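The values are calculated or read from the model by the stated rules, or taken from the named source; none is laboratory data. Everything quoted here is computed from the prediction, not taken from an experiment. For neighbour counting, all protein chains shown are included, and Cβ atoms are generated from backbone atoms with ideal geometry for every residue, glycine included. Just the protein is used for accessible areas: all its heavy atoms, side chains included, with ligands, DNA and RNA removed. Shrake-Rupley method; radii C 1.70, N 1.55, O 1.52, S 1.80 Å.
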Amino acid sequence: MTDPIPANRVPNVYYRPEQAQCPICHTVLKRDHILWPKQVTFSTGVKKVVSWAYRCPRVTCPGSNDIFKSRKAETLHLKYRRFSRELVARIGYQRFWRHQTMYEIHDWLTQDLHLVICAREVANLIVDFLALLSAAQPAQIRDKLGRVQGVIISIDGMQPEKGNDCLYIVREIQSGVTLLAANLEDSSQDALCQYLFEPLKNLAQELGLAWHGVVSDAQETIRLAVAQSLKGIPHQACQSHCLRDAGRLTFEADRAMKKELKASFRQALPRLHKRIQALPTDDPFRPVLLDYTAALRSVLPEGGVAPFELGGIRVFEALEDLESSVIRCQKKGITSCCAG
Ligand SMILES: [Zn+2]
């Protein structure tokens with residue numbers, strides 16, 4: 001779903017191996033061929049990343065057939081994916097640490113970071129994030145859960161579109177450790193028992209942990225599956241979900257206001273910036289006004305997190321602060337003019 005960006009507008013970044021010399025004969029390595037070129041989307045935009053292969057130029061060196069490549073370039077992306085690891089990690093952070101929905105993340109990516117991405121791809125990247133997380137996780141799970149007396153789990157289900165697979169994340173609340181992530185076609189009581197609760201029970205048994213409680217949204221099949229699989233374990237509806245549902249109208253209204261505020265400034269800002277830049281360079285107001293436009297630009301991308309952090313209100317307040325600062329500045333300007 002990407003609009004192809006004209007090749008000449010995408011900046012190139014070149015990577016060479018971290019080591020400069022042949023480890024055997026210590027001759028300086030020479031550039032040999034392009035290992036891979038790839039268009040990668042970072043949180044700052046799209047870049048064409050080129051990884052160069054280097055080789056020892058001494059034909060008689062036993063290492064002359066070895067290829068040296070940049071380790072950093074390899075860590076930038078995931079195979080067969082066009083999004084950078086850094087972006088995948090930031091999306092995971094928004095989802096699981098800032099508790100944003102997929103649509104809030106999509107808005108953040110498209111409106112604030114100006115990336116071209118569809119909602120479905122956001123869901124895929126969240127799955128990628130979990131794959132990265134679980135690759136690093138087994139050792140951490142044992143380590144961190146070792147200190148927890150009894151597990152309290154939270155179950156979070158996320159369905160990108162109706163009729164699609166649902167992604168379930170199970171975390172241990174006290175330690176914050178992700179215990180399990182499963183992409184389920186079927187969210188019935190039986191499927192949840194089989195694919196979520198059975199593996200969880202096995203894990204807890206393996207680690208010798210007792211069950212202390214479950215928190216989830218009010219999804220009926222989760223409630224029934226917990227009652228079936230974890231008999232007698234307290235199960236509570238998630239307060240954050242309840243508050244989020246209760247605050248939905250306010251949050252939507254705030255988001256609409258933020259959109260309007262941004263739209264009005266996005267049109268006016270470039271024109272304003274041009275006019276200020278056209279002022280003579282020795283005009284004492286020029287740098288001050290440029291600072292104000294920079295401040296305006298940095299204020300607009302403020303985001304929000306439902307239900308309480310309202311991005312529109314934040315942008316509005318920041319704009320009010322700027323306004324009063326401009327007024328103070330105008331008064332001072334007039335005073336100094338009069339004094340002069
Ligand atoms: Zn060599």
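Remark: Arg95 falls outside the filter, which requires a residue to be open to solvent by 30 Å² or more (accessible area, probe 1.4 Å) and either at pLDDT below 90 or not in a helix (DSSP H, G or I) (or both). Of the candidates Gly311, Gly333, the single residue that is touching an Asp or Glu at 6+ places or on another chain (Cβ under 7 Å) and either of a type outside the set (A, V, I, L, M, F, W, C) or modelled with pLDDT of 90 or more (or both) is Gly311. Search the stretch 212-239 for residues that are under 14 Å from Asp190 (Cα atoms) and pair each with any residue that is of a type in the set (Lys, Arg) when their beta-carbon atoms are under 7 Å apart and the residues are at least 6 apart or on different chains. Short answer, once both residue conditions are applied: Ser229/Lys201.
Residue by residue through the stretch 177-209, note down the ones that are free of Cβ contacts under 8 Å to residues at least 24 places away in the same chain, small (Gly, Ala, Ser) and assigned to a loop (DSSP other than H, G, I, E, B). Within the stretch 177-209, Gly208 is the sole residue that qualifies.
Residues in the stretch 10-28 include none that are at pLDDT below 95, away from the ligand (no atom under 16 Å from the Cβ), within 20 Å of the chain's Cα centre (by Cα) and open to solvent by 60 Å² or more (accessible area, probe 1.4 Å).
Which is out of contact with any helix residue (DSSP H, G or I) (no Cβ under 7 Å at 6 or more places or on another chain), within 30 Å of Ala263 (Cα to Cα) and away from the ligand (no atom under 16 Å from the Cβ), of Glu74, Glu86?
Numbers: Glu74 fails: within 30 Å of Ala263 (Cα to Cα).
So the residue among Glu74, Glu86 that is out of contact with any helix residue (DSSP H, G or I) (no Cβ under 7 Å at 6 or more places or on another chain), within 30 Å of Ala263 (Cα to Cα) and away from the ligand (no atom under 16 Å from the Cβ) is Glu86.
Of all residues in the stretch 98-128, those that are in a loop (DSSP other than H, G, I, E, B) and in contact with a strand residue (DSSP E or B) (Cβ under 7 Å, 6 or more places away or on another chain) total 4.
Residues in the stretch 37-74 that are under 30 Å from Asp112 (Cβ atoms), among the aromatic types (Phe, Trp, Tyr) and open to solvent by 40 Å² or more (accessible area, probe 1.4 Å): there are none.
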